Amino acid sequence: MKIILIILFLFLQPKFSDALTFKRDGSVVSSSGVILKKSNAEKYQKALELFNIGQDVEDWPISNNNRKYRGYFGETMLRKGAPLFSIGKVSGSGDKLLESIAKNNGFASEDIFQIVLVANSSKEFQSKNNISKDTLNAIDNIYQMLQSDPNLASTPDLEVMLKDLNSVMSKQAQKSIRDSLRSIKDSVKSEVEQDSSVAEASEGGAGSYDYGY
């Protein structure tokens, strides 16, 4: 009887697998179009939303929980409890790498990605990169606006986004944000490129793993 069941299982398994579509963004879709597993971007954004409102993030790896997650990074850059960034499908180097990470985690641009990273960065990261309180305040202000206005977060161009904020943010504050992002971009890029997990993923080594989230 067991042998018959094993044969049936082996016979039916390919048909079941063929009915599923495993997309590059991490999502899994059935042949009928039902989403069985959400994309990495959707799951990260949900984790970030929970973190922002002070709720525990349980279905996504977070920083400073004494565990290194393969396929994710940010442990040394983010403050405790912040969701790590998914790097399972990233590629490229330099600006292209930042763009790839941004897209992989549901951000419209690398500028938005950097704003979120700095707003949720650890004290060590801020000190290492000489990020002043004024810079943090400016970036935190725009981060708060991003949380309250989804349309801003989906704007791919920082200049367009800042232009939309003319009525609520002074020109000086906008300039501070521009200057801040320019000054820390190389630091962020360096941190990202030096991370062994990111290096492995960008070379194609991490793309074949399912990290359980």
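Here is a check on your reading of the model: is LYS68 in a loop (DSSP other than H, G, I, E, B), basic (Lys, Arg) and surrounded by fewer than 24 Cβ atoms within 10 Å (Cβ to Cβ)?
Spelling it out, LYS68 is indeed in a loop (DSSP other than H, G, I, E, B), basic (Lys, Arg) and surrounded by fewer than 24 Cβ atoms within 10 Å (Cβ to Cβ).
Listed by first and then second residue, the pairs linking a residue in the stretch 172-195 that is farther than 15 Å from GLU99 by Cα and at pLDDT below 75 to a residue that is part of a helix (DSSP H, G or I) and of a type in the set (D, E, K, R), with Cβ atoms under 6 Å apart and 6 or more places separating them unless they lie on different chains, form an empty list.
Being hydroxyl-bearing (Ser, Thr, Tyr) and within 20 Å of ASP59 (Cα to Cα) is the filter; apply it to the stretch 72-119 and report the residue that is surrounded by the fewest Cβ atoms within 10 Å (Cβ to Cβ). Write out each step before concluding.
If we filter the stretch 72-119 for residues that are hydroxyl-bearing (Ser, Thr, Tyr), which is where we start, we get 72, 76, 86, 91, 93, 100, 109.
Checking the rest, the ones that are also within 20 Å of ASP59 (Cα to Cα) come to 72, 86.
Numbers: TYR72: 26, SER86: 30.
Among those that are hydroxyl-bearing (Ser, Thr, Tyr) and within 20 Å of ASP59 (Cα to Cα), it is TYR72.
Entry remark, the stretch 101-132: residues being at positive phi and free of Cβ contacts under 8 Å to residues at least 12 places away in the same chain number 1 in total. For the stretch 120-131, the count of residues that are among the β-branched types (Val, Ile, Thr) and surrounded by 21 or more Cβ atoms within 10 Å (Cβ to Cβ) is zero.
The values are calculated or read from the model by the stated rules, or taken from the named source; none is laboratory data. Predicted, not measured: the structure shown is a model, and the values here were computed from it. Cβ coordinates were reconstructed from backbone atoms using ideal geometry, including for glycine residues, and neighbour counts include every protein chain displayed.
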